[in-house]
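The values are calculated or read from the model by the stated rules, or taken from the named source; none is laboratory data. Computed from a predicted structure; not experimentally measured. Using ideal geometry, Cβ is built from the backbone for each residue, glycine included, and neighbour counts are taken over all protein chains shown. Side chains are part of the model used for accessible areas, which takes the heavy atoms of the whole protein and leaves out ligands, DNA and RNA. Shrake-Rupley method; radii C 1.70, N 1.55, O 1.52, S 1.80 Å.
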Amino acid sequence: MLGLFQDKPDLIVHSRDPLNAEPPLARLRSRFLTDTADFYIRTHGNMPEPDAEKHRVTVKGDVARERTWTLRDLQGRFETRTVTAVMQCAGNRRADLQEVRATTGDPWAPGAIGNAEWIGASLADVLREADVRERPGLHVAFEALDIARNEGAKDAPYGASIPLEKAMSGEVILAWGMNGSSLRREHGAPLRIVVPGYAGVRSVKWVSAIRVQPKPSNAFQQRHDYLLFPPDMSPETQDPARGTAIYEMPLNSAICEPGPETTLPAGSTTVRGYAIATGRPIVRVDVSVNGGRDWQQATLEEKGDQPWSWTFWHIAVDLWKGEHELVVRAWDAAGQTQPSRPDDVWNFKGYLSAAWHRIRVRVD
Ligand SMILES: Nc1nc2c(c(=O)[nH]1)N[C@H]1C(S)=C(S)[C@@H](COP(=O)(O)O)O[C@H]1N2
Ligand SMILES: [Mo]
């Protein structure tokens, strides 16, 4: 475990065991492709270290030919695909919801997100090679090697699933590489799933089996955790039947620079951050320096044809002496924007925190 911290010395650690950590926002905003050293880590239990030569993944369930491959087999048999995509935790920005009322879970700032180039095989190719039976309503469940510590339930292997339709879309990757190198242990080596556009929980690390089945995964992460509950529900009254499994992530944005509670000199300050949407491009980002009364348009930075990446933005604003509330909100191509207050989206598990991001700064 210590080795990881030597390589990622700058991360803000929420817990050491299991290891949960995120980068400071200025570092996060410093590169469009997040350095692996600055990439957040989210674990639920132990951190396996399987032998990359011996590790195998089995494709089973509703397939005509059950198949088992090593990493080397996969690399030899399948065309190598790269997808640049954001990985983002459903709990990203939870700290803002906790300002409204307590929630369960770690107080993530807006750093439980990163944009990486993922290298591997297309999951669709892998499933086809096992002669998957493509019928509507099927799910693809991923089983992992780590044992998750589940709140209010027994420890059990981590697992999650996605609809078969998403699995066959071509963008889902059975990944062995990240940013030009082999996957690192904390990010799921030797093999992980990467599901662009979906909450990180579905991108199962240390994957050992892929099962096509009529129902979503039976694992705790799928059936009891990572559900969006209505606001009246509490840990005592929670009823999984009234929760919605979180797949696609909502429109979101955050100010990365300046940092909250910074003291700045009077005059021009450049505000920088990210915006992210799923399935639609970001078309506009508004920034306010007076708590959301007036808005100015930020410049969207060029990102090329990267539908699963975030959009970086920046704007120079003039600030006078005193206290200011800086606010950001993003718009997608359907003209949708974010809710103004975290109160509107509060839920006791603290998921999908996507209200306008506000920070206070002082100008001397
Ligand atoms: N096997 C396994 N896969 C997992 C997890 C885990 O604890 N175990 N955490 C999930 C969650 S909630 C997130 S947000 C992402 C985080 O990926 P990262 O640690 O590579 O950033 O991995 C997902 N896949
Ligand atoms: Mo997550």
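Please state, to two decimals, what the Cα-based radius of gyration of region 1-97 comes to when divided by 2.2 N^0.38 Å (N = residues). All intermediate terms of the calculation are to be shown ahead of the outcome.
Details: Rg = 17.5 Å, N = 97, 2.2 N^0.38 = 12.5 Å.
Region 1-97 yields a ratio of 1.40.
As a check on your grasp of the helix formula, calculate [θ] at 222 nm for the chain: sum -39500 (n - 2.57) over DSSP H runs of n ≥ 4, divide by the residue count, round to the nearest 500. Don't skip to the answer; put the middle values down first.
Details: 7 runs with 39 residues, N = 364.
Computed mean residue ellipticity for the chain: -2500 deg cm²/dmol.
Pairs of alpha-carbon atoms within less than 8 angstrom and 6+ residues apart define the contacts here; what relative contact order does the chain have, in percent? Intermediate values should be presented prior to the final figure.
Values: 921 pairs, mean separation 64.0, N = 364.
Dividing the mean separation by the residue count of the chain yields 18 percent.
Suppose every Lys and Arg Cβ carries +1 and every Asp and Glu Cβ carries -1, with no other charges. What dipole size does region 252-363 come out with about its Cα centre, to the nearest 20 debye? Mind dumping the intermediate values first?
Details: 12 positive and 13 negative charges, 39 e Å.
So the magnitude is around 180 debye.
Return the percentage of antiparallel bridges among DSSP beta bridges fully within the chain, rounded to the nearest 5 %.
Details: 78 of 85 bridges.
Around 90 percent of the beta bridges assigned by DSSP in the chain are antiparallel ones.
Quick one: ranking ARG149, ARG185, ARG293 by accessible area, 1.4 Å probe, largest first, what do you get?
On the way: ARG149 115, ARG185 75, ARG293 185 Å².
In descending accessible area the options line up as ARG293, ARG149, ARG185.
So how much slack lies between ASP294 and VAL13, counting 0.36 nm per residue of separation and subtracting their Cα-Cα distance, in nm? Write down the numbers at each step before the final one.
Details: separation 281, 0.36 × 281 = 101.16 nm, distance 3.59 nm.
Computed gain between ASP294 and VAL13 is 97.6 nm.
Give, rounded to the nearest 20 debye, the magnitude of the charge dipole that region 137-189 has about its Cα centre when Lys and Arg contribute +1 at Cβ and Asp and Glu contribute -1 at Cβ.
Details: 5 positive and 7 negative charges, 23 e Å.
With only Lys, Arg, Asp and Glu charged at Cβ, the dipole is about 120 debye.
Hey, got the dipole for the chain? About the Cα centre, +1 on K and R Cβ, -1 on D and E Cβ, debye to the nearest 20?
Working: 44 positive and 47 negative charges, 117 e Å.
Computed about the Cα centre, the dipole is about 560 debye.
Given Cα positions, please report Rg to Rh for region 128-197, the hydrodynamic radius being the Kirkwood one.
Numbers: Rg = 14.2 Å, Rh = 14.0 Å.
That ratio is 1.02, to two decimals.
Taking +1 at the Cβ of each Lys and Arg and -1 at the Cβ of each Asp and Glu, which of ILE113, GLN98, HIS14 sits farthest along the dipole of region 2-245 towards its positive end, judged by Cα position relative to the Cα centre?
About the Cα centre, the residue reaching furthest to the positive side is ILE113.
Please give me the summed charge of the neighbours of GLN213: other residues whose Cβ is under 12 Å from its Cβ, Lys and Arg +1, Asp and Glu -1.
On the way: positive: LYS60, ARG133, ARG135, ARG211, LYS215; negative: ASP62, GLU143.
That sum, taken over residues with Cβ under 12 Å, equals +3.
Please give me the summed charge of the neighbours of LEU264: other residues whose Cβ is under 15 Å from its Cβ, Lys and Arg +1, Asp and Glu -1.
On the way: positive: ARG272, LYS321, ARG360, ARG362; negative: GLU257, GLU261, ASP318, GLU323, GLU325, ASP364.
Neighbour charge sum, excluding LEU264 itself: -2.
Between GLU236 and ARG185, 0.36 nm times their residue separation minus their Cα-Cα distance comes to what?
Working: separation 51, 0.36 × 51 = 18.36 nm, distance 3.60 nm.
Going from the current span to full extension adds 14.8 nm.
Please report the Cα spread of region 239-364 along all three principal axes, rounded to whole Å, starting with the longest.
52, 36, 21
Report P(r) for the chain: all Cα-Cα distances, bin width 20 Å, range 0 to the bin holding the largest distance, values in whole percent.
Computed distribution, short to long bins: 29, 57, 13, 0.
Compare the Cα positions of VAL361, GLY243, ALA277 along the charge dipole of region 240-364 (+1 at Cβ of Lys, Arg; -1 at Cβ of Asp, Glu; about the Cα centre) and return the one farthest towards the positive end.
Value computed over the given set: GLY243.
Please give the per residue accessible area of region 252-363, computed with a probe of 1.4 Å over protein heavy atoms only, in Å². Each step should come with its number before you reach the end.
Working: 4990 Å² over 112 residues.
Averaged over the residues of region 252-363, the accessible area is 45 Å².
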